[in-house]
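Take a look at the structure set out below.
What follows draws every value from the coordinates through simple rules; no lab data is involved. This is a predicted model, so every value here is computed, not measured. Heads up, the Cβs are rebuilt from the backbone with ideal geometry, glycines too, and the neighbour counts pull from every protein chain shown.
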Amino acid sequence: MHISNIKLWNFRKYGSKGVFDPDVPNIDLNFSSGLNVLIGENDSGKSSIIDAIKLVLRTHSFDWIRVEEKDFYNESNRLRIEITFDGLSPEEAKNFTEWLGWTGTGEDALPYLRVILDAKRNNEKIFPADVRAGVDSEGYMLTSEAREYLKSTYLKPLRDAESELIAKKNSRLSQILIGDEAFKGKEKTHELVGIFNNFSEDLRKYFKGEFELPSANGGNPSLPQEGKKIKDKIDGHIQSFYSADQESEFVATRSNIKPILEKLTLTLKDEENPGLGTLNRLFMAAELLHLGKENWTGIRLGLIEELEAHLHPQAQMQVIEALQEQKEIQLILTTHSPNLASKVKLGNLIICKDDKTFPLGSAYTNLNPSDYKFLERFLDTTKSNLFFAKGVLLVEGWAEELLLPALAKKVGFDLTKRGVSVVNVASTAFLRYSKIFVRKLPSDAKIPVPVAIITDLDVKPDDEATIAGNGTKKDAAIRKNRISFDKDNVQSFTSPHWTLEYCLFKSTSLGTSFQEVVRTIHNRTNWDDFENRLTEKLENKSLKKTEIADRLAQMLIDDINNGQAITIDPEDETDCINYIIKAIKHAYGN
């Protein structure tokens, strides 16, 4: 049993100013039965999805949750949340018999459960709303017993794991343990109750001076007990207050299992004063014990906000690998961490952007199975920042990665402030990366992230004018890139000449600076015929591209800060580097 879909109307960020239409939700998001990771920049709606689920299902930790003013989108007076559960086993389905719907017919029919919260307000007063379930738009009220089977486990962001694991009344640790098969139904008969009662008797004997410390522990049963001295002093006062035959008695309250479990603290063996990261992992381990409890016929759902809280990058990797191995538990997580995004299988990611959601499973993207395998190997931590960017520049190598930020700033575009990521794919495998941002169906909403692919023409100057069927080889190469890449918000920008370096040489604004840098890095001699020498270096792959790009980028930064001697007109389309400026503008959203 797992959440297969959630629909939201006018909840938090997900809303519209038009007439409420029950047939048109503001988001309609499908989940997988295992791991689901919501990713995206701040305020993109990740937590709103988690909160909507909590609001309907409640949590095992008895969090105080109710509909509030902030839950309504803008000035709307009605919000609605629908959650659909699929994959119900017969044991799970029997808990919801009167609310079930069915898909299919005959022996192939499968049960599903749809749970609804529809809340309204008027003049800032929120009307009470019950959680209902059923196949029609209204449903029927769920009983409290049925709702118990739908509760989720929730770990809040920046959670105080230490507080959750220490001994206290109604501690989360005691709640987890009391629900385990080892304690369930044994409130007064569990062996821990017997152990505690034995302790109570020993405590009574201690204050009466009758307790004998076993000699095996170094004790001497003939020594007087310190507890008796305390009791005798109290008895003296009591007898003066009452009569000589009055006597006090110390007792430990005999109890059932719950208060005993509330006295337990969970920590890590041989670890003194464990830090927040250690306690966070220990807390998650305890919650997984709860989610995996035996003989439970309700949902096993874990909601974790900011999984990376208090975890260093390597610990994040270990935790997410372990969570991906959980087979019987559904997990819905949020994260801001590129480390986690790089480790999660691509199909388990859901991008949240501009109040919309975009699952990256094979049913939603143009990626094929080999693309998924490739990206899961090569989409590392550095490249994974593309999931959190407002715009993306995909480049072939280190030279472009080093040069672009400085060039962008020189022409008035600060990529860092704008949240534009330069992603070095270290090859020409652009299509695999760009297809992450292309939806499978033309009717699907486009991911609102402008993606610019900057690629070399890869046609040598001598071949540019060669006729290749329809136009020149140059025209054919540019046309091929556009056909391959230009879809949705992805657009290719091909160099007008052979390579980036050849375009820099031909550039009216940077040509002189480029030649100066090249002559400095490569021996100043033998560069009289610069173009032939550059061509030779590019052909035999001996040009120090990365070092040249780094030096030229530093020259641009120095010019911004000090000189303003280099002039680049971003509107000059005759400049051979204008294709890069156009790409920057596209990724910038201009």
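Across all Cα atoms of segment 60-189, the radius of gyration (one decimal) and Dmax (whole number) stand at 18.7, 56 Å. Around A426, which amide H atoms from residues at least 5 apart in sequence, or from another chain, sit under 5 Å from its own amide H, with H modelled in the peptide plane? Those qualifying (amide H under 5 Å, at least 5 residues apart or on another chain) are G397. From helices alone, the chain scores -10000 deg cm²/dmol at 222 nm; the rule is -39500 (n - 2.57) for each run of n ≥ 4 DSSP H residues, then divide by the residue total. Which part of segment 153-188 falls in the paramagnetic zone of L264, meaning amide N under 16 Å from the point 7 Å along Cα-to-beta-carbon? Counting only backbone N, you get 164-188. Qualifying GluC sites (Glu not before Pro) in segment 139-188, where qualification requires a DSSP coil assignment and no more than 14 other C-beta atoms within 10 Å, comprise E181, E187.
Going from the fewest other Cβ atoms within 10 Å to the most, the residues L323, L403 appear in the order L323, L403.
For the chain, the longest principal axis of the C-alpha atoms and the axis of helix 313-324 are separated by about 70°.
Just to confirm the number: angle between the C-alpha axis of helix 226-241 and the first principal axis of the chain, 0 to 90 degrees, nearest 10? Relative to the chain, helix 226-241 is tipped by roughly 60 degrees.
Put simply, the C-alpha atoms of segment 307-373 give a gyration tensor, and the ellipsoid matching it has half-axes of 21, 15, 12 Å, longest first.
A simple spin-label model places pseudo-atoms 7 Å from Cα toward Cβ; at V251 and K229 they are separated by 2.8 nm.
Sequentially through segment 562-573, phi angles give Karplus couplings (6.51, -1.76, 1.60; θ = phi - 60°) of 10, x, 6, 7, 8, 10, 10, 9, x, 9, 7, 6 Hz, Gly and Pro residues having no value and appearing as x.
For I453, the residues whose amide H sits under 5 Å from its own are L394, Q491, S492, F493, ignoring neighbours fewer than 5 places away on the same chain, with H placed 1.01 Å from N. Cross-link reach is defined here as a Cα-Cα straight distance under 16 Å, omitting same-chain residues fewer than 8 places apart; for K228 the aspartates and glutamates meeting it are E201, D202, E210, E212, E247, E249.
Amide H contacts of F72: R12, each under 5 Å away and 5 or more positions distant or on a separate chain (H built 1.01 Å from N in the peptide plane; Pro and chain starts excluded). Per-residue packing, averaged as other Cβ atoms within 10 Å, sorts the ranges 374-381, 559-566 into the order 374-381, 559-566, beginning with the highest. Both radii are taken from the alpha-carbon atoms of segment 363-588; with Rh as the Kirkwood radius, Rg/Rh is 0.98. Magnitude of the charge dipole for segment 363-588, about its Cα centre and with charges confined to Cβ atoms of Lys, Arg (+1) and Asp, Glu (-1), is about 940 debye. Here, segment 312-438 has an Rg and a Dmax of 15.6, 54 Å when only alpha carbons are counted. Here the Debye sum runs over all C-alpha atoms of segment 429-554 as equal scatterers in vacuum, and log10 of I(q)/I(0) at q = 0.12, 0.17, 0.19 Å⁻¹ comes out as -0.59, -0.95, -1.06. For the chain, the calculated P(r), taken from all Cα-Cα distances in 20 Å bins from zero up to the bin holding the longest distance, is 16, 37, 26, 15, 5, 1, 0 percent.
Multiplying the residue separation of E145 and R377 by 0.36 nm and subtracting their alpha-carbon distance yields 78.9 nm.
Compared with the dominant principal axis of the Cα atoms in the chain, helix 398-410 is inclined by about 80°.
With θ taken as phi - 60° and the Karplus curve 6.51 cos²θ - 1.76 cosθ + 1.60 applied, the whole-hertz 3J(HN,Hα) list for segment 268-273 is 9, 4, 6, 10, 7, 6 Hz, x standing for glycine and proline. Excluding residues on the same chain fewer than 8 positions from K356, give the aspartates and glutamates whose Cα lies under 15 Å from its Cα. Answer for K356, where 15 Å is the Cα cut-off: D28, E41, D43, D444, listed by chain and number. Modelled this way, with points 7 Å down the Cα-to-C-beta line, the labels at R479 and V135 are 5.5 nm from one another.
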